[in-house]
Amino acid sequence: TSFRVTARQVDEGGTTGVIVCFEDETHRAQAEQMRRDFVANVSHELKTPLTALIGFIDTLRGPAREDPNARDRFLGIMESEANRMNRLVSDLLSLSRVEAEERVRPTARLDLAALIRATVRSLEPVAAEAGVTVALELSSGTTEIVGDTDQLRQVLVNLIENAIKYSGEGTTTRVALTGPSYEPRVRGQGVRIRVADSGPGIDPVHIPRLTERFYRIDTHRSRERGGTGLGLAIVKHIVNRHRGRLLVDSTPGEGSEFTVVLPTG
Ligand code: ADP
């Protein structure tokens with residue numbers, strides 16, 4: 001806890017006194033610390049691929065100049081480092097956009113079942129490349145909601161891509177839409193989107209922190225699979241904007257289940 005204390009002398013009607021003010025600055029100090037941590041994280045995340053790029057440019061100018069095999073290999077690595085920076089910058093832009101819009105209610109009506117079907121179809125090549133089967137189960141009820149199509153597509157992409165990239169070869173990811181029905185979590189009618197994988201699962205100690213920016217259980221594994229550490233932070237802000245809830249349930253060794261509950265009323 002941190003306090004700012006100020007004192008002021010007052011003279012009124014012949015009486016002299018002192019007013020002492022205690023202002024609780026804990027919240028402001030915490031927000032300031034979070035901002036500093038975020039800037040430090042972003043700088044570090046950008047510096048890692050940049051350092052690699054600069055190093056390889058030097059090598060290409062020097063030792064690898066006359067060696068076509070080495071040149072091709074280094075150019076390949078440079079491309080993947082540049083792609084990583086590109087993903088990071090795109091995710092940072094998405095995050096700042098969704099944060100800015102968090103208090104603005106979406107107004108468009110959209111068909112959630114159609115959106116899920118189209119998104120799963122667009123991710124088929126990613127799933128096939130990773131050797132993952134994606135199974136789709138859509139409820140027969142009406143699934144029209146008020147929401148932002150692009151943002152909800154992003155929620156689906158982030159959750160399904162995570163399921164694919166952390167589970168891998170030979171596993172199945174189930175994407176299901178159920179409802180509408182009464183949802184205590186949103187105190188009214190709602191639908192549930194469930195993305196369940198049969199991957200490594202998540203130790204319960206990590207679950208409360210998963211939506212923090214740059215929080216990763218295994219940084220090396222996340223980086224290796226093209227992760228930026230921002231995906232679930234983006235999901236969380238979008239779900240908040242839709243007055244929904246994000247639930248995470250996992251059994252280590254068996255798989256993870258991410259559920260988004262969205263109000264339909
Ligand atoms: P990243 O870009 O690292 O995937 P996210 O914010 O999407 O960042 O996820 C944060 C972390 O949560 C990941 O680094 C990973 O450790 C863990 N995680 C997310 N989804 C899954 C999943 N389906 N199975 C196992 N771990 C997961």
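Observations
- Scanning segment 225-253 for residues that are among the β-branched types (Val, Ile, Thr) and surrounded by 16 or more Cβ atoms within 10 Å (Cβ to Cβ), we see that the one that is nearest to Ser198 (Cα to Cα) is Val248.
- Test: residue in segment 90-104 that is over 30 Å from Val157 (Cα atoms), open to solvent by 60 Å² or more (accessible area, probe 1.4 Å) and small (Gly, Ala, Ser): no
- Scope segment 220-241; condition more than 6 Å from the ligand (Cβ to nearest atom) and closer than 18 Å to Gly168 by Cβ; matching residues: His220, Arg221, Arg223, Glu224, Arg225, Gly226
- Checked across segment 19-32, the condition of being closer than 30 Å to Val157 by Cα, of a type outside the set (D, E, K, R) and free of Cβ contacts under 8 Å to residues at least 60 places away in the same chain holds for at least one residue.
- Residues that are under 32 Å from the mean Cα position of the chain (by Cα), open to solvent by 90 Å² or more (accessible area, probe 1.4 Å) and at pLDDT below 95 within segment 56-85 comprise just one, Arg73.
- Residue list for segment 178-187, filter: charged (D, E, K, R) and either within 16 Å of the ligand (Cβ to nearest atom) or open to solvent by 70 Å² or more (accessible area, probe 1.4 Å) (or both): Arg185, Arg187
- Which listed residue, of Gly190, Gly255, Gly244, Gly201, is of a type outside the set (Lys, Arg), in contact with a Ser or Thr (Cβ under 8 Å, 6 or more places away or on another chain) and more than 10 Å from the ligand (Cβ to nearest atom): Gly190
- Filtered residues of segment 120-154 (kept if of a type in the set (S, T, N, Q) and modelled with pLDDT of 95 or more): Ser122, Thr133, Thr149, Gln151, Gln154
- Checked against (1) of a type in the set (A, V, I, L, M, F, W, C); (2) more than 12 Å from the ligand (Cβ to nearest atom); (3) not in a strand (DSSP E or B), Ile207 passes all but condition (2).
- Test: residue in segment 210-224 that is in a loop (DSSP other than H, G, I, E, B), crowded, with 19+ Cβ neighbours inside 10 Å and over 16 Å from the mean Cα position of the chain (by Cα): no
The values are calculated or read from the model by the stated rules, or taken from the named source; none is laboratory data. All values reported here derive from a predicted model rather than from experimental measurement. Cβ coordinates were reconstructed from backbone atoms using ideal geometry, including for glycine residues, and neighbour counts include every protein chain displayed. Calculation scope for accessible area: heavy atoms of the full protein, side chains included, ligands and nucleic acids excluded. Shrake-Rupley method; radii C 1.70, N 1.55, O 1.52, S 1.80 Å.
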